[in-house]
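Scroll down for the structure; my scribbles are underneath it.
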Amino acid sequence: MHAWATDTSTSADAAGELDDQALDDQAPSWRPLVAQSFAEPSVSAEEFKSAFRNHPAGVAVITADPGDGPVAMTATSVFSVSVEPPLLVFSISAQSSAAPSILCADTVVVHLLGAGQLEIAKLGATSGIDRFADTSLWRRMRTGEPYFPRAHAWIRGRIVNRMAAGTSTLVVVQAVETGAPPVGDPSADAGSAEPLVYHNRTWHRLGDHSKLP
């Protein structure tokens with residue numbers, strides 16, 4: 001199954017056919033971790049943010065529903081850490097309204113966005129709204145997770161570890177299913193997909209115009 005920006009007709013019924021029980025049997029039994037802090041001179045919050053301000057990051061939206069309703073949040077902290085097993089990591093702030101639901105969920109869907117899905121990115125980044133009020137934007141997979149079919153690519157995964165880190169939590173996810181343009185499809189090329197990037201508090205798009213010689 002594939003879901004990308006130019007295809008809004010992805011069927012939710014085709015998603016989630018992997019045997020999650022089989023994954024449970026194979027998943028490594030990691031134990032929860034807690035990041036250590038040291039009594040050494042530290043930079044201020046503003047100094048730390050300033051150092052990262054000129055560092056661009058890809059944009060993702062993470063959705064989950066642990067049983068009390070769907071939640072979503074926009075994140076720039078998603079990155080892959082392993083392909084065998086396929087693992088990704090993201091962080092979630094304790095201040096996020098979606099944090100309690102995502103942290104107690106067994107599974108999540110991580111959407112990797114292109115510039116054409118800026119609306120979804122803004123939706124997950126806006127507080128005080130019902131992010132699922134527009135039912136034309138999202139569906140449920142057969143396994144129950146809410147997701148946005150228009151995302152350039154999505155990864156459904158099972159949370160296998162969490163690590164407290166300051167005022168945030170690092171979440172480790174093992175991918176169990178993906179939806180993305182197939183290799184060789186024009187929409188898989190950055191020039192066509194135009195990945196969405198967040199830089200210096202502003203949304204940007206990558207494409208042929210941003211290539212360096």
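Going from the residue with the fewest nearby Cβ atoms within 10 Å to the one with the most, 177, 145 rank 177, 145.
Would segment 167-213 count as rounded, prolate or oblate if I go by the C-alpha gyration tensor, calling it rounded below 1.5 in a/c and otherwise prolate when a/b exceeds b/c, oblate otherwise? Taking the square roots of the gyration eigenvalues as a ≥ b ≥ c, segment 167-213 is oblate. Where in segment 99-133 does the amide nitrogen come within less than 12 Å of the point 7 Å from the Cα of residue 205, taken along Cα to Cβ? Of the residues in segment 99-133, 114-119 have backbone N under 12 Å from the label point off residue 205. Ordered by the number of other Cβ atoms lying within 10 Å of each residue's own Cβ, fewest first, 159, 92, 120 fall into the sequence 159, 92, 120.
Computed FRET efficiency, Cβ-Cβ of residue 48 and residue 126, R0 30 Å: what is it to the nearest 0.05?
On the way: r = 25 Å, r/R0 = 0.82.
With R0 = 30 Å, the Cβ-Cβ based efficiency is 0.75.
A short reminder: the numbers here are calculations on the coordinates, not readings from a lab. Keep in mind that this is a model prediction, so the values were computed, not measured. Cβ atoms come from the backbone with ideal geometry, glycine included; neighbour counts cover every protein chain shown.
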